[in-house]
Amino acid sequence: MSEDLLPLPGAPFGHPLRRLWSLDPGIRFLNHGSFGAAPLHVLAAQARWREAMEREPVRFMVDELPPALLAARVRLAGFVGAVPQRLTFVENATAGANAVLRSLRWRAGERIVIADHAYPGVKNAARFVADRHGLTLVEARVPWPLPGPEAVVAAYAEALAGGARLAIVDHVFAPLAAVSPVEEIVRLCRARWMRWRSRA
């Protein structure tokens, strides 16, 4: 797929973008979060990487893939405002959440805050860890219909009032297709942590 077929910045959503996917035109596919579908230009890039791997599998895995992953990590870190050394790739959100949740040394009674509309796989992972270690899982009650982003911040503020070891924030709530005000929630968490630290 040539680059001139990609949408221009500000292109309208909906039917004008339909040509960028190979979806059956007879269906209305709404579940992009679980198994796809990937745009045609992404599928073309995947095919190019597979072809490179299949031409010389050992050389690809040993010599070509590691620097390619590093370059992708550096580029992604710049996009999301992270330090490359503190960013890694995981298979999906559930695998990433499990990696974090199971790597911490928990103490009984500690609290995890997560939204009631959080991605089910991540919520299940948090519940499993809470049950195993005697933690308290506190849900931030995000109202729906959502009156505005300030309601999400208020829900987290209420849930964090009793403190928390960890707060989990979905950037996009999968069940609602609503974007979270992540920056405001992070500021709220940081302020609460600084207050706790000053008393410790």
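Quick one: with all protein chains in place, what share of the accessible area of the chain is carbon or sulfur, to the nearest percent (1.4 Å probe)?
About 59 percent, which is the carbon plus sulfur part of the accessible surface.
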With a cut-off of 8 Å between alpha carbons and a minimum separation of six or more residues, what is the relative contact order of the range 46-185 in percent?
20
For the range 50-175, whose charge dipole is built from +1 on Lys and Arg Cβ atoms and -1 on Asp and Glu Cβ atoms, the candidate among H117, V58, V100 with its Cα farthest towards the positive end is V100
Measure of exposure for D63: accessible area at 1.4 Å probe, Å² rounded to 10, is 100
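Report the gain in length on full extension from L104 to V74: 0.36 nm times residue separation, minus Cα-Cα distance, nm rounded to one decimal.
On the way: separation 30, 0.36 × 30 = 10.80 nm, distance 2.56 nm.
Length gained between L104 and V74: 8.2 nm.
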Expected vector for the range 141-148, Karplus 3J(HN,Hα) from phi with 6.51, -1.76, 1.60 and θ = phi - 60°, integer Hz, x for Gly and Pro, equals 7, 8, x, 9, x, 7, x, x
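Treating only the Cβ atoms of Lys and Arg (+1) and Asp and Glu (-1) as charged, compute the dipole magnitude of the chain about its Cα centre; round to the nearest 20 debye.
The calculation lands at about 900 debye.
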In whole Hz, the Karplus estimates of ³J(HN,Hα) for the range 129-135 (6.51, -1.76, 1.60; θ = phi - 60°; x where Gly or Pro) are 5, 4, 5, 5, 10, x, 8
Would you mind working out the accessible area per residue for the chain, using a 1.4 Å probe, and quoting it in Å²?
70
Convex hull projection area averaged over all views, the chain, Cα basis, nm²:
15.3
Using modelled amide H (1.01 Å from N, peptide plane; none on Pro or chain starts), what sits under 5 Å from the amide H of A174, excluding residues fewer than 5 places away?
Y119
Give the Rg (one decimal place) followed by the Dmax (whole number) of the range 99-200, computed from C-alpha coordinates and expressed in Å.
13.4, 39
Heavy atoms of the protein only, probe of 1.4 Å, neighbouring chains included. What is the accessible area of R102 in Å², nearest 10?
140
Rounded, prolate or oblate: which fits the range 12-97, taking a ≥ b ≥ c as square roots of the Cα gyration tensor eigenvalues, rounded meaning a/c under 1.5, else prolate when a/b beats b/c?
oblate
State, as an integer percentage, the relative contact order of the range 1-107 based on alpha-carbon contacts under 8 Å between residues 6 or more apart.
16
What number results when the radius of gyration of the range 113-159, computed over Cα atoms, is divided by 2.2 N^0.38 Å?
1.24
Total charge dipole magnitude, the range 110-162, about the Cα centre, Cβ charges on Lys, Arg, Asp, Glu only, Debye to nearest 20:
180
The chain, helix-only ellipticity at 222 nm - DSSP H runs n ≥ 4, -39,500 (n - 2.57), divided by all residues, nearest 500
-14000 deg cm²/dmol
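The values are calculated or read from the model by the stated rules, or taken from the named source; none is laboratory data. Source: prediction; values computed, not measured. When we count neighbours, we look across all protein chains shown, and the Cβ atoms used for this are built from the backbone with ideal geometry, even at glycine. Note: accessible area is taken over every heavy atom of the protein model, side chains too, but ligands, DNA and RNA are not part of it. Shrake-Rupley method; radii C 1.70, N 1.55, O 1.52, S 1.80 Å.
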